[in-house]
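The structure appears right after this line, and notes come after that.
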Amino acid sequence: MARPIVGIIGNAYLMNDQYPVHAAGTMNSTAVTDVAGCMPLIIPSDPRFVSVPELMDACDGFLFTGGRPNVHPEEYGEAATEAHGEFDRARDEVALELIRSCVEAGQPILGICRGFQEVNVAMGGSLYPEIRDLPGRDNHRMPPDGTLEEKFALRHEVTFQEGGVFHRVMGAQKVMTNTLHGQGIKTAGPRLVIDGHAPDGTPEAIYVSDAPGFTLAVQWHPEYNAAADPVSRPLFEAFGQAVHAWSNDKQATTLLKSA
């Protein structure tokens, strides 16, 4: 039987500073394959090439990845400043509409870092341009130097609501995570539940309340070492279970229509 397909939202890059490509980190594909048990499919996040209805028809679930460009503040009613960094308006256009459509349809989504922020903005929330500039907040950015292992090292606790969605998924109320982000939630979308926080109060885990499907998103990077990490593995396993269930329901519906 064919594996369910998880669309991985890609990012635009210049290879060798001149050749434009769409790409996604190999660790995202590894987590989707080895832990979620699905087939990864990298999506060019540009409305010139894809449409939301086509994507939802082709894929069973979606992984909204991290990326250097930030969601443009116009998407939440604010003016861009130097502190907001780089943007990718093409990804904004694809990702935000896709998130809203999946939420309403019940099609599984998992947001990571920028994807976490996209879920918030898509559902009507806003972002701080730089968490480390806020009083009482820590620097959540990736260390500028060191090995990949050092950059993705576990750096702070995340505490979930007791008995909440993430507590049930993880089997623990407190976990250790990496942290590699500059922006963060300022105001949560009206339907968003902030289910986990870092010690400095920064939101780290969210989901959409009353959504018919899987809508979890995290501010850290669980795709790193996902198969071996006790926090990452249950998250991707839960996502995989939701994607498999969606795929099975879709196949059953197709069979009924053809009978």
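The values are calculated or read from the model by the stated rules, or taken from the named source; none is laboratory data. Just so it is clear, the model here is predicted, and its values are computed rather than measured. Glycine gets a Cβ as well: all are built from the backbone with ideal geometry, and neighbour counts include every protein chain shown. Note: areas computed on protein heavy atoms with side chains; ligands, DNA, RNA excluded. Shrake-Rupley method; radii C 1.70, N 1.55, O 1.52, S 1.80 Å.
Multiplying the residue separation of R137 and D46 by 0.36 nm and removing their Cα-Cα distance gives an extension gain of 29.3 nm.
In a simple Cβ point-charge model (Lys, Arg +1; Asp, Glu -1; nothing else charged), the range 142-259 has a dipole of about 420 debye relative to its Cα centre.
Taken along the Cα-to-beta-carbon direction at a fixed 7 Å, the label points for Q241 and D34 span 2.2 nm. Distance from the Cα centroid of the range 67-136 to that of the range 148-219 is 15 Å (rounded to whole angstrom). Mind sorting out which of (i) 16.4, 45; (ii) 20.4, 67; (iii) 17.5, 62 is the real Rg and Dmax of the Cα atoms in Å computed from the coordinates? Of the labelled values, this structure produces (iii). Report the calculated FRET efficiency for E97 and D145 (r = Cβ-Cβ distance, R0 = 51 Å), to the nearest 0.05. With R0 = 51 Å, the Cβ-Cβ based efficiency is 0.85.
Legend: residues D57, D17, D46, sorted from most to least accessible area (1.4 Å probe; ligands, DNA and RNA excluded), read D17, D57, D46.
On a per residue basis, the chain carries 46 Å² of accessible surface, using protein heavy atoms and a 1.4 Å probe. Among E150, E97, E237, the largest mean-square fluctuation in a Gaussian network model of the chain, built with springs joining Cα atoms closer than 10 Å, belongs to E150.
Each of R100, R114 has its accessible area taken with a 1.4 Å probe; listed largest first, they run R100, R114. Which of Y128, Y224, Y13 moves most in a GNM of the chain, Cα contacts under 10 Å? Its mean-square fluctuation being the largest, the pick is Y13. Using a simple spin-label model with pseudo-atoms 7 Å out from Cα toward Cβ, Q173 and E54 lie 4.9 nm apart. Length gained on full extension, L255 to R89: 55.9 nm, using 0.36 nm per residue less the C-alpha separation. For the range 75-84, 3J(HN,Hα) computed residue by residue from phi via the Karplus equation (6.51, -1.76, 1.60; θ = phi - 60°) reads 5, 10, x, 10, 7, 6, 10, 4, 5, 6 Hz, glycine and proline entered as x. Take the Cβ atoms of A188 and A153, set R0 to 30 Å, and the FRET efficiency comes out at 0.60.
So, with a 1.4 angstrom probe, what is the percent of accessible area on the chain that is carbon and sulfur?
Solvent-exposed carbon and sulfur of the chain make up 52 percent of the total.
What the phi angles of the range 202-218 give under the Karplus curve with 6.51, -1.76 and 1.60, with θ = phi - 60°, is a coupling list of 5, x, 10, 9, 9, 8, 8, 5, 6, 6, x, x, 6, 9, 6, 8, 10 Hz, glycine and proline written as x. Here the dipole of the range 35-157 is about 220 debye; that uses its Cα centre as origin and unit charges on the Cβ of Lys and Arg (positive) and Asp and Glu (negative).
What number, in percent, do you get for the relative contact order of the range 13-165 if the mean sequence gap of Cα pairs under 8 Å and at least 6 apart is divided by its residue count? Once divided by the residue count of the range 13-165, the mean separation gives 19 percent.
A simple spin-label model places the labels of E74 and A228 4.5 nm from each other, with each point 7 Å out along Cα-to-Cβ.
Placing unit charges on the Cβ atoms of the charged side chains and taking the dipole of the chain about its Cα centre, the candidate lying farthest along the positive direction among P234, H72, A153 is P234.
For W246, W220, the ranking by accessible surface with the largest value first comes to W246, W220, using a 1.4 Å probe.
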